[in-house]
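Beneath this line is the structure, given in structure tokens, with notes to follow.
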Amino acid sequence: MSLKSNEFIKSIKAYKAGKSRQSFINNSDKIIKLCSNENPYGSPIKNKNIETILQYAHEYPDIENSNLIEKLSQTFSIDKENLIIGNGSDEILQIAALGYLNKNTSVISSKHSFSQYKFISQLRESPYIEIPLTNHYEHDLEKIAQTCQETPKSCVCLALPNNPTGTSVSAENLEKFLSKIPKTTLIILDGAYNEFDQRTDKPIIPNYLKKYPNILYLQTFSKAYGLAGFRIGYGIASKEIISNLKKVKQPFNVNSLALKAAEIALEDDIFIKKTLANNHLEKQNMYKELAELNIQIIPSHANFICLNLKENAYKITSKLEEKGIIIRHLQSFGLPNYIRVSIGLAKQNQYFITKLKEIYLEK
């Protein structure tokens, strides 16, 4: 008799990431990578002296993550007990699943959204309920709220802005939505791309925590802060939720270098301002250029653009790779006719547009 895995594993598909630079054997340093929504400026820790921490590499990291927790506490004007640090915000999502999900708890999310929401439901053998996006590719908050009210035990997962569409909600609409959700429902709001949302009416999630203590807000240093390779994120929630999460997380889940890098990144306002300014300007330029090709563009509040290429999406993705440009084909998100393009630097974006136009002229 052979070793058998748990039955639920059969239904899980391994996570499919955008292609890495290393997957291209030749000229990997010349590849333009616009598939994973990374910061085109790189990392704010370049040229910063973090070598001093290496002398303590033989010691375990601070289990309380004290320095970073203190800085985050000051940034958001919240108590330190309202914060938890994770090995990326993905880990905190998985910790929340361990603490709050079971076979009797349904996970409710939007169709065409981040795959990890379905993944955590599968890990805990929780029923997964997918609500279609609206005709404008936005979360159908009315339908999600109604489903919560009809589902005795549930957990809602919403990406604000949504990945891969880049759409989000206003503060007013989020408030209406939250007021309809039962207090017994865990509401996970994923703000991985929140910094890029420059609307004046966008929701400031930490402001909702006192009124809605069933919210868990996730944030990451991977995107705007340029630390994807360090794997570090954080969660903000009520003291009760944070206390429960800390009971089921691994004791030394974040390494010392990542903690130090996050401290440095959090203090670098110039880097963030430069990142957001580039994203806003280059996104507008991309809109203008793409409009000339008569491609359907989903207006984005994130650092990427989702495009409907119709039946040519996979073919165009492959041709762009031949020209040294990696973008994300959205088959794994259930959108086989769409691609997602990260906003890069001006030179990178222009090269992408130029090659895309060449491919369209070949048709």
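The values are calculated or read from the model by the stated rules, or taken from the named source; none is laboratory data. The structure presented is a predicted model; accordingly, all values stated were derived computationally and were not measured. Ideal geometry is used to build each Cβ from the backbone, glycine not excepted, and the neighbour counts take in all protein chains shown. Ligands, DNA and RNA are stripped out before the accessible areas are found, and what is left, the full protein with its side chains, is counted by its heavy atoms. Shrake-Rupley method; radii C 1.70, N 1.55, O 1.52, S 1.80 Å.
Just to be sure, is ALA228 open to solvent by less than 10 Å² (accessible area, probe 1.4 Å) and in contact (Cβ under 8 Å) with a residue 12 or more places away in the chain? It is false that ALA228 is open to solvent by less than 10 Å² (accessible area, probe 1.4 Å) and in contact (Cβ under 8 Å) with a residue 12 or more places away in the chain.
When restricted to residues that are under 23 Å from ASN253 (Cα atoms) and touching a residue at least 24 places away in the same chain (Cβ under 8 Å), segment 33-53 contains 6.
One line per residue, one yes/no per condition, for (1) open to solvent by less than 60 Å² (accessible area, probe 1.4 Å); (2) among the aromatic types (Phe, Trp, Tyr):
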position	(1), (2)
GLU321	yes, no
ILE327	yes, no
LEU330	yes, no
TYR338	yes, yes
ILE343	yes, no
GLN350	no, no
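Could you tell me whether PRO132 is open to solvent by 70 Å² or more (accessible area, probe 1.4 Å), within 27 Å of ASN337 (Cα to Cα) and of a type outside the set (Asp, Glu)? Taking the combined requirement at face value, the residue satisfies it. Residues that are farther than 20 Å from LEU218 by Cα and either buried (at least 22 other Cβ atoms within 10 Å of the Cβ) or touching a residue at least 24 places away in the same chain (Cβ under 8 Å) (or both) do occur in segment 153-167. Going by the structure shown, is SER73 at pLDDT 95 or above, open to solvent by less than 30 Å² (accessible area, probe 1.4 Å) and farther than 28 Å from SER332 by Cα? It is true that SER73 is at pLDDT 95 or above, open to solvent by less than 30 Å² (accessible area, probe 1.4 Å) and farther than 28 Å from SER332 by Cα.
Applying the set (1) at pLDDT 95 or above; (2) outside any helix (DSSP H, G or I) to LYS210 leaves exactly one unmet item: (1). Test of understanding: among LEU245, LEU293, which residue is open to solvent by 10 Å² or more (accessible area, probe 1.4 Å) and in contact (Cβ under 8 Å) with a residue 12 or more places away in the chain? Just one listed residue meets the conditions, LEU293. Name the single residue, out of those in segment 30-70 being part of a helix (DSSP H, G or I) and at pLDDT 90 or above, that is surrounded by the most Cβ atoms within 10 Å (Cβ to Cβ). Among residues in segment 30-70 that are part of a helix (DSSP H, G or I) and at pLDDT 90 or above, the one surrounded by the most Cβ atoms within 10 Å (Cβ to Cβ) is LEU68.
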